[in-house]
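The values are calculated or read from the model by the stated rules, or taken from the named source; none is laboratory data. These numbers were taken from a predicted model, which means no experiment stands behind them. Ideal geometry is used to build each Cβ from the backbone, glycine not excepted, and the neighbour counts take in all protein chains shown.
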Amino acid sequence: MLKKIASFTINHDTLTPGMYVSRIDRNCVTYDLRLKTPNRGDYLGQGALHTLEHLIATCLRSSDRADEVIYFGPMGCRTGFYLILADTVSRAEALRLTREAFAFAAAFEGQIPGARRRECGNYRGHDLPGARREAQAYGAVLAGCSADTMEYPA
């Protein structure tokens, strides 16, 4: 029998944009960076999602906590990203890193990191203006988040 994945137990009808602790496994914490309200028809465009993945991952892996970044990647539903950090990073620090990374993406100009043909499996599939807009919008969401508001809604 297949086990139900923890993220499938969250009521997506009540989920709103924010930053949530999705799960804690051994020495890793998975954060749900929810940019869009699920099932409302407003999803991250594929190009913007792809560009945000490149920008945010590069920023996080260049940060002062780079050795504690395990993974950053998109959700298949195109409503956000998962960020996995070592449990040595506090919720407040995770929020700081996330705010800094999305501010970096919102202001980014120039060549997208890792977006050349030899570096990327879909190097033409980027949208920097769209990524900047989405990063700016999520920055406003993150401004209302704190280490105390990272629990999923009931």
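Data table
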quantity: Top-ranked residue of segment 1-27 - restricted to ones that are free of Cβ contacts under 8 Å to residues at least 40 places away in the same chain and part of a strand (DSSP E or B), ranked as surrounded by the fewest Cβ atoms within 10 Å (Cβ to Cβ); calculated: 25
quantity: Among (1) over 26 Å from residue 16 (Cα atoms); (2) part of a helix (DSSP H, G or I) - the single one residue 101 does not satisfy; calculated: (1)
quantity: Residue in segment 73-84 that is aromatic (Phe, Trp, Tyr), within 19 Å of residue 139 (Cα to Cα) and at pLDDT 95 or above present; calculated: yes
quantity: Total residues in segment 30-51, condition more than 24 Å from residue 149 (Cα to Cα) and either at pLDDT 95 or above or touching a strand residue (DSSP E or B) at 6+ places or on another chain (Cβ under 8 Å) (or both); calculated: 7
quantity: Scan of segment 104-122 for residues that are crowded, with 19+ Cβ neighbours inside 10 Å and in a loop (DSSP other than H, G, I, E, B), ordered by number; calculated: 108, 112
